[in-house]
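Accompanying notes for the structure given below.
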Amino acid sequence: MTAQIEITEVTKRYGALTVLENLSLSIKANEFMVFLGPSGCGKSTLLRMIAGLESVDEGTIAINGRRIDTLPPGQRDLAMVFQSYALYPHMSVADNMAFGLKNIGVPADVIATRLSEAARMLEIGHLMERKPGQLSGGQRQRVAIGRAIVKEPKAFLFDEPLSNLDAALRVRTRVELAQLRHRVKSTMIFVTHDQIEAMTLADRVVVMNNRRIEQIGTPMDIYTRPATRFVATFVGSPT
Ligand code: ADP
Ligand code: MG
């Protein structure tokens, strides 16, 4: 079951600082939506509000027509992949991937099936007994994605998942992600400050700056018809 996500007039403040102001957009089921913008523009805050790790000050967030912004994170049926991977260092890869499922009482045979499917999809079967410390950055990245996949969430939330990788690996992982998204049918929200990532991965891009959405469109729209001077400069297309 995949998610159609509706964000309506959302505002977020930290004390006197307004981070996001009256933000509205809808994300289609199975869409790969990329939020692109400079550091500090509120991308992570928005993702964390969708995940339930931050409260919403004003406005609503709904999934498939049901309001979720008041639900605890565990009831939202979403999976987040962090920039830092956030793997448990003392657990094996298999245990890292199984942990969240065990906690919610998924039967052992179902866990085993999901783990082996994810391992095959991500080609990490040979790494299942290792600890995170015995993995390369790219391998940790895949495990973090695997841990999200086995939850079979309604949507995946990625917060700059490639930014800790070196340049060559970043390109390779980007290509892998683009392929993965055709195998895993799900809504994907991906946050980045890297315009190449946005342009190569997205069905649609949301360009953000200074608390607001500057433009929403396909990569081709954004590149060939930038709506504002900021967009033109940020994506590097001619004005
Ligand atoms: P991005 O992910 O686009 O780099 P963030 O969402 O992390 O931006 O941050 C947006 C703004 O909110 C920044 O000015 C940041 O300093 C501020 N901010 C983020 N989290 C907090 C917090 N917990 N308390 C106070 N200010 C915060
Ligand atoms: Mg961020």
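If you go through the range 151-163 and keep only what is within 16 Å of ligand 2 (Cβ to nearest atom) and over 13 Å from E197 (Cβ atoms), you end up with just L157. Yes or no: the range 71-81 includes at least one residue that is of a type outside the set (K, R), within 16 Å of the chain's Cα centre (by Cα) and within 16 Å of ligand 2 (Cβ to nearest atom). Within the range 71-81, one or more residues are of a type outside the set (K, R), within 16 Å of the chain's Cα centre (by Cα) and within 16 Å of ligand 2 (Cβ to nearest atom). Among the residues of the range 120-135, the ones that are free of Cβ contacts under 8 Å to residues at least 24 places away in the same chain and of a type in the set (G, A, S) come to 1 in all. Residues in the range 25-71 that are of a type in the set (G, A, S) and more than 10 Å from ligand 1 (Cβ to nearest atom): S26, A29, A51, G52, S55, G59, A62, G65.
Residue by residue, here is whether (1) in contact with a Pro (Cβ under 8 Å, 6 or more places away or on another chain); (2) free of Cβ contacts under 8 Å to residues at least 12 places away in the same chain; (3) hydroxyl-bearing (S, T, Y); (4) not in a helix (DSSP H, G or I) holds:
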{"residue": "R142", "(1), (2), (3), (4)": "no, no, no, no"}
{"residue": "R147", "(1), (2), (3), (4)": "no, no, no, no"}
{"residue": "E152", "(1), (2), (3), (4)": "no, no, no, yes"}
{"residue": "F156", "(1), (2), (3), (4)": "no, no, no, yes"}
{"residue": "S163", "(1), (2), (3), (4)": "no, no, yes, yes"}
{"residue": "L169", "(1), (2), (3), (4)": "no, no, no, no"}
{"residue": "A178", "(1), (2), (3), (4)": "no, no, no, no"}
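Residues that are among the hydroxyl-bearing types (S, T, Y) and within 13 Å of ligand 1 (Cβ to nearest atom) within the range 181-202 comprise just one, T192. Confirm whether G105 is surrounded by fewer than 18 Cβ atoms within 10 Å (Cβ to Cβ), within 13 Å of R147 (Cα to Cα) and not acidic (D, E). No: the conditions fail for G105. Among the residues of the range 2-32, those that are within 16 Å of ligand 2 (Cβ to nearest atom), crowded, with 16+ Cβ neighbours inside 10 Å and among the hydrophobic types (A, V, I, L, M, F, W, C) comprise V19, L20, L23. Mind telling me which of the residues I68, I50 ends up being within 23 Å of S186 (Cα to Cα), surrounded by 14 or more Cβ atoms within 10 Å (Cβ to Cβ) and touching a helix residue (DSSP H, G or I) at 6+ places or on another chain (Cβ under 9 Å)? Sole residue among the options that is within 23 Å of S186 (Cα to Cα), surrounded by 14 or more Cβ atoms within 10 Å (Cβ to Cβ) and touching a helix residue (DSSP H, G or I) at 6+ places or on another chain (Cβ under 9 Å): I68.
Any read-out appearing in this document is the output of simple, stated calculations on the displayed coordinates, not a laboratory observation. Remember, it's a predicted structure, so these values are computed and weren't measured experimentally. Neighbour counts run over all protein chains shown; Cβ positions are idealised from the backbone, glycine included.
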